[in-house]
Amino acid sequence: MSLRHSYTFIAPFYDAFLTAATREARRRSLGPLAGAPAQEVLLAGIGTGLDLPHLPTQHRYTGLDLTAAMLRRAKNRRPPAPLRLVRGDVQALPFADGSFDAVVLHLILAVVPRPERCLAETDRVLRPGGLALIFDKFLQPGERALWKRALNPVAGRLATRLDVVFEEVLDRVSGLERYHDEPALAGGWFRLIRLRKAGQPGRSD
Ligand SMILES: C[S@@+](CC[C@H](N)C(=O)[O-])C[C@H]1O[C@@H](n2cnc3c(N)ncnc32)[C@H](O)[C@@H]1O
């Protein structure tokens, strides 16, 4: 079964399991958008749109997802500001270089088979000085995590990988610098990480 098929099946139940458990982490992760001037923001793997209630109103938003059933639910929510919904793959984003000031990566880097492609694409579509806001579950470098690694072949095919080490992903992508990393949930398994793209805002060199 592909991820698109399993998320089509999961879509009707997704909010019941995730809304309350992730509300505070989402709010904290999206904090840097609050005081920023009007920007173009990409919600990569928007899902059912659980981030939408936490978004400030001054920006223009694009939500991208692979699964039509998840996008339909996002469409039924009232967005806080203009929201364009696009079907696509975060590992091959259908946007020009430097299209966004910020990319929100909530519960997507550990979902896709090639997180380094997702992060490289994030780097490509960000403008210089742009931010990537990450909320996801990662193993610590060197963590054995035997049961997570044992479950990973099945979990990764159905819903999410359990074996992603963020540091290994970031090492394979140049141009994004980590400036914030804090534990969010489940004893630090879930983390809030913020990256900044090198360069000055407003410059393309
Ligand atoms: C765990 S959900 C996270 C949704 C949302 N970001 C959130 O925080 O609730 C993962 C989402 O990624 C989507 N997805 C899976 N693979 C994808 C891909 N290659 N490109 C875009 N979206 C993908 C799924 O359809 C699903 O909506």
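The values are calculated or read from the model by the stated rules, or taken from the named source; none is laboratory data. Owing to the predicted nature of the structure, the values given are computational and were not obtained by experimental measurement. All Cβ positions, glycine included, derive from the backbone under ideal geometry; neighbour counts span all protein chains shown.
Worth a mention:
- Any chance L146 is out of contact with any His (no Cβ under 6 Å at 6 or more places or on another chain) and either modelled with pLDDT of 90 or more or buried (at least 16 other Cβ atoms within 10 Å of the Cβ) (or both): no
- A single member of E167, E121 is over 26 Å from P56 (Cα atoms) and at pLDDT 95 or above, and it is E167.
- Enumeration of residues in the stretch 82-141 that are of a type outside the set (V, I, T), within 15 Å of the ligand (Cβ to nearest atom) and assigned to a loop (DSSP other than H, G, I, E, B): G88, Q91, L93, P94, F95, L107, L109, A110, P113, R114, F138
- Residue in the stretch 34-43 that is more than 29 Å from R127 (Cα to Cα) and more than 13 Å from the chain's Cα centre (by Cα) present: no
- Scanning the stretch 1-29 for residues that are closer than 24 Å to L195 by Cα, more than 11 Å from the ligand (Cβ to nearest atom) and in contact (Cβ under 8 Å) with a residue 40 or more places away in the chain yields a single hit, R28.
- Residue match in the stretch 39-54 (condition: in contact with a His (Cβ under 6 Å, 6 or more places away or on another chain), in a loop (DSSP other than H, G, I, E, B) and more than 10 Å from the ligand (Cβ to nearest atom)): yes
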